[in-house]
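Colleague: I have a structure I would like to understand better, so I am pasting it below and will then ask my questions one at a time.
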Amino acid sequence: MDVHEVFNDSYARCNQNPRFFDIFYDFFCNKDDKFRQMFAGTDMSKQITMLKASIVMILLASTSEAARDSIRYFGKRHGPNGVGVTPLDYDIWLECLLTTVSLCDPNYNHDVEQAWRECFKQGIAIMKEECQDTSE
């Protein structure tokens with residue numbers, strides 16, 4: 001199984017649903033009040049554009065040092081001295097994304113889930129590492 005091909009095919013199917021990203025943010029913001037508060041007053045159209053770019057950047061993490069550098073930068077910006085995201089929040093974020101994929105990809109199965117997890121693994125690991133509170 002080529003995980004990148006499985007991911008790309010799944011992502012294309014998800015994007016056929018014009019509400020894919022809205023559904024994701026509904027799940028994510030309803031998971032915890034802190035997430036809802038993070039996005040209060042946010043222009044969600046711009047946020048969705050940034051999320052699309054972030055997905056591409058995360059996918060490139062395994063092959064591009066420039067992508068990894070960008071992810072490090074955004075990890076720091078999202079951390080305790082920025083947005084206030086914790087490493088655990090990324091696990092919640094991924095689970096909400098996978099729930100959304102399971103609803104929007106008619107071919108969703110275990111292989112599709114594993115492809116998404118594998119493709120996001122390195123990028124999310126970098127984000128988690130960079131957003132840790134090192135003041136303790």
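What follows draws every value from the coordinates through simple rules; no lab data is involved. Note that the structure is predicted; figures quoted are calculated from it, not measured.
Colleague: Do the sum for the chain: with -39,500 (n - 2.57) for every DSSP H run of n ≥ 4, divided by all residues, what is the mean residue ellipticity at 222 nm, to the nearest 500 deg cm²/dmol?
Modeller: Taking each H run of at least 4 residues, the total per residue is -24000 deg cm²/dmol.
Colleague: A follow-up question, please. Return the label of the correct value of Rg and Dmax of the Cα atoms in Å, as calculated from the structure shown, out of (i) 17.4, 62; (ii) 20.2, 55; (iii) 14.7, 45.
Modeller: (iii)
Colleague: While we're here: Would you kindly derive the ³J(HN,Hα) couplings of segment 35-41 from the backbone phi angles with the Karplus curve 6.51 cos²θ - 1.76 cosθ + 1.60 (θ = phi - 60°), listing them in order in whole Hz, with x for Gly and Pro?
Modeller: Result, rounded to whole Hz: 6, 4, 5, 4, 9, 4, x.
Colleague: Related question: Looking at the chain, how many pairs of lysines come closer than 18 Å at the Cα, when each pair is eight or more places apart or spans two chains?
Modeller: Lysine pairs meeting the criterion: 4.
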